[in-house]
């Protein structure tokens, strides 16, 4: 592929947590990075910090509600206007609720998680497909944040697990449908990267056997470096699935 400095990346949910770590790693690798989310003040603060940290690579903050087709359309139109192309989409944005027994989950909670974690990823993928098919040179890469929950759910988190399992299906369908247009798609399943979403883990979280136990976490910068490695491949090679996790988290075997 061409030099990273000529390539454009979009990271959804790029203003905080894992998304910010991914955006930082891409910027430090020389990518021009767009970060999007719903809170412009958070995004702009992150963009300033990332630009200073990287020392090169342009970081742009654009406000977008990825659950709204019109907002997503406006985001990609602005990316096209500013840069003329998109080489990498990282579908990272997502939400969760505290653990709730399945029968007590409200319809509103279900729809909120479905919209942010699955519908948003689909809408951004659809818009990226249109741009990547039409641009010259053609093609690009899409990387989805699947989470460990795309393989194994946690107790009392049915909506989150359902959306992350669905992301695996979206990843495979995107990889298949993108073949003819030089669009590669892969998934990174992240386990216990330290962020706002994992802040409770050090105090203890519910385990499958009913115990409450603390869990190890890892620095989210490792996730960023993994994404940079996936994105650096030529478009005739693809990491379809990668799991990166805190080594001692209770996932493999009996924990």
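The values are calculated or read from the model by the stated rules, or taken from the named source; none is laboratory data. This structure is a prediction, so every number in the text was calculated from the model and none was measured. No Cβ is skipped: glycine too gets one built from the backbone with ideal geometry, and neighbour counts run over all protein chains shown.
One table, with the values for the structure above:
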{"item": "So residue 67, is it surrounded by fewer than 21 Cβ atoms within 10 Å (Cβ to Cβ), in contact with a helix residue (DSSP H, G or I) (Cβ under 6 Å, 6 or more places away or on another chain) and modelled with pLDDT of 95 or more", "result": "yes"}
{"item": "Subset tally (residues that are part of a helix (DSSP H, G or I) and touching a helix residue (DSSP H, G or I) at 6+ places or on another chain (Cβ under 9 Å)) for region 78-110", "result": "5"}
{"item": "Qualifying residue in region 1-14 (condition: buried (at least 19 other Cβ atoms within 10 Å of the Cβ), part of a helix (DSSP H, G or I), over 18 Å from the mean Cα position of the chain (by Cα) and on the phi < 0 side of the Ramachandran plot)", "result": "yes"}
{"item": "Residue tally, condition surrounded by fewer than 17 Cβ atoms within 10 Å (Cβ to Cβ) and touching a strand residue (DSSP E or B) at 6+ places or on another chain (Cβ under 9 Å), over region 204-220", "result": "7"}
{"item": "Test: residue 75 is within 19 Å of residue 187 (Cα to Cα), surrounded by 20 or more Cβ atoms within 10 Å (Cβ to Cβ) and in contact with a strand residue (DSSP E or B) (Cβ under 9 Å, 6 or more places away or on another chain)", "result": "no"}
{"item": "Selection within region 193-209 - touching a residue at least 12 places away in the same chain (Cβ under 8 Å), more than 19 Å from residue 93 (Cβ to Cβ) and not in a helix (DSSP H, G or I)", "result": "205, 206, 207, 208"}
{"item": "Qualifying residue in region 102-120 (condition: over 21 Å from residue 157 (Cα atoms) and in contact (Cβ under 8 Å) with a residue 60 or more places away in the chain)", "result": "no"}
{"item": "Out of 91, 96, sole residue that is closer than 30 Å to residue 206 by Cα, crowded, with 21+ Cβ neighbours inside 10 Å and in contact (Cβ under 8 Å) with a residue 24 or more places away in the chain", "result": "91"}
{"item": "Leading residue by the ranking (farthest from residue 104 (Cα to Cα)) among those in region 146-156 that are surrounded by fewer than 21 Cβ atoms within 10 Å (Cβ to Cβ) and out of contact with any strand residue (DSSP E or B) (no Cβ under 6 Å at 6 or more places or on another chain)", "result": "151"}
{"item": "Qualifying residue in region 122-130 (condition: touching a residue at least 40 places away in the same chain (Cβ under 8 Å) and in a loop (DSSP other than H, G, I, E, B))", "result": "no"}
{"item": "Test for residue 184: is it at pLDDT 95 or above, surrounded by 17 or more Cβ atoms within 10 Å (Cβ to Cβ) and out of contact with any helix residue (DSSP H, G or I) (no Cβ under 7 Å at 6 or more places or on another chain)", "result": "no"}
